[in-house]
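Here's the structure we're looking at; comments come further down.
The values are calculated or read from the model by the stated rules, or taken from the named source; none is laboratory data. Note that the structure is predicted; figures quoted are calculated from it, not measured. Because the Cβ atoms are built from the backbone with ideal geometry, glycine has one as well, and the counts that use them run over all protein chains shown.
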Amino acid sequence: MNGPALQIFSGSANVDLAQKIASYLGIPLGQATVTSFPDGETFVKINENIRGRDVYIVQPTCPPTNQHIMELLIMIDAVRRASAARITAVLPFYGYARQDRKDQPRVPITAKLIANLLVAAGTNRVLTMDLHAQQIQGFFDIPVDHLYAAPIFYRHLSEKKLDNLVVVSPDVGGMKMASAYSQMLGAGLAIVVKRRISATETEAQFIVGDVAGKDVLLVDDITETAGTLCSAAKMLKKSGAKRIFAGVSHAVLNDIGIERLKNSDIEELITTNSVPPAKIDGFKLTALDVSALLGEAIRRVHDGESVSSLFDIRSKA
């Protein structure tokens, strides 16, 4: 590795992933104290010399979202004040990404606010994966490396014996992602048109495309309450789909989502370890490891190499 020494630190959001990234790079995870005072305030101390180092802080901003965002900002400030040469915030999952535009009067664009906060804290670069909205990259005036989990999903799905596969978007907004997966897998394409009833509940209305007698892969970038996935799966089953799988980059599941999945027509949820994977009794959840993808991206950024080849579905990372 070239230039200043590389160091990886982790917040409390996903230490296991940070450990795996460090192992991939062949370096120890940096020593830092990250705790809370009795009143809830976060305390951070970097326990080793990082002056002039190229520092990467791994912290997906998953629930408790506000806690993890504040923790990340404080870590960045601590590293900046310790004279690191460059600070890269590694956010495998970017919280608040769904609040990326003003879709009604007098609401914030919180995804942009988070970008501003990261830059103000002292971030020099951001590394993230499968953003909910591509335009979030433009919210930053610093470099953003946006990775895709698609190559990792491709390798896993290629090992399955899927019969006459159709990739399905569970809503209109996910059509672009579903189209990319259908091309990648050489599969058909369909869409479930839904109606949102509340923040936690949706209703599938009709399907555009043929799924009868076929295996189905529902794809989405994020699921929390699993309402969209489960209602889409129910309608797909009624329309004659054989086996139904779901491929979701970030499974930020809460209790409602876990219960829905257990009682759904979905045979398996395939996700990544961008956030700590949930454990669901009686339901198959497969969390694919993205540490090699993130680790290789970090190595290439550190060495000043291109990360474009990581987008190749046959990439080794």
Item to check | Condition check for Ile136: in the same structural domain as Thr61 (by TED's automatic domain parsing), in contact (Cβ under 8 Å) with a residue 40 or more places away in the chain, of a type in the set (Val, Ile, Thr) and more than 30 Å from Phe206 (Cα to Cα) | outcome: yes
Checklist entry - Does segment 292-308 include one or more residues that are assigned to a helix (DSSP H, G or I), over 16 Å from the mean Cα position of the chain (by Cα) and hydroxyl-bearing (Ser, Thr, Tyr)? => result yes
Checklist entry - Would segment 167-189 turn up any residue that is more than 22 Å from Thr228 (Cα to Cα), surrounded by fewer than 16 Cβ atoms within 10 Å (Cβ to Cβ) and in contact (Cβ under 8 Å) with a residue 24 or more places away in the chain? => result no
Item to check | Residue in segment 235-254 that is assigned to a helix (DSSP H, G or I), crowded, with 24+ Cβ neighbours inside 10 Å, more than 18 Å from the chain's Cα centre (by Cα) and not acidic (Asp, Glu) present | outcome: yes
Checklist entry - Do we find a residue being free of Cβ contacts under 8 Å to residues at least 60 places away in the same chain, aromatic (Phe, Trp, Tyr) and either buried (at least 20 other Cβ atoms within 10 Å of the Cβ) or under 22 Å from His302 (Cβ atoms) (or both) anywhere in segment 55-70? => result no
Checklist entry - Consider Ser83 against the criteria (1) modelled with pLDDT of 95 or more; (2) surrounded by fewer than 13 Cβ atoms within 10 Å (Cβ to Cβ); (3) assigned to a helix (DSSP H, G or I): it satisfies all of them except one. Which criterion is unmet? => result (3)
Checklist outcome for this item: Selection from segment 264-279 of residues in a loop (DSSP other than H, G, I, E, B) and either modelled with pLDDT of 95 or more or crowded, with 18+ Cβ neighbours inside 10 Å (or both) yields Ser264, Asp265, Ile266, Glu267, Asn273, Ser274, Val275, Pro276, Pro277, Ala278
Checklist entry - If you go through segment 207-219 one residue at a time, do you hit one that is among the basic types (Lys, Arg) and more than 24 Å from Gly95 (Cα to Cα)? => result yes
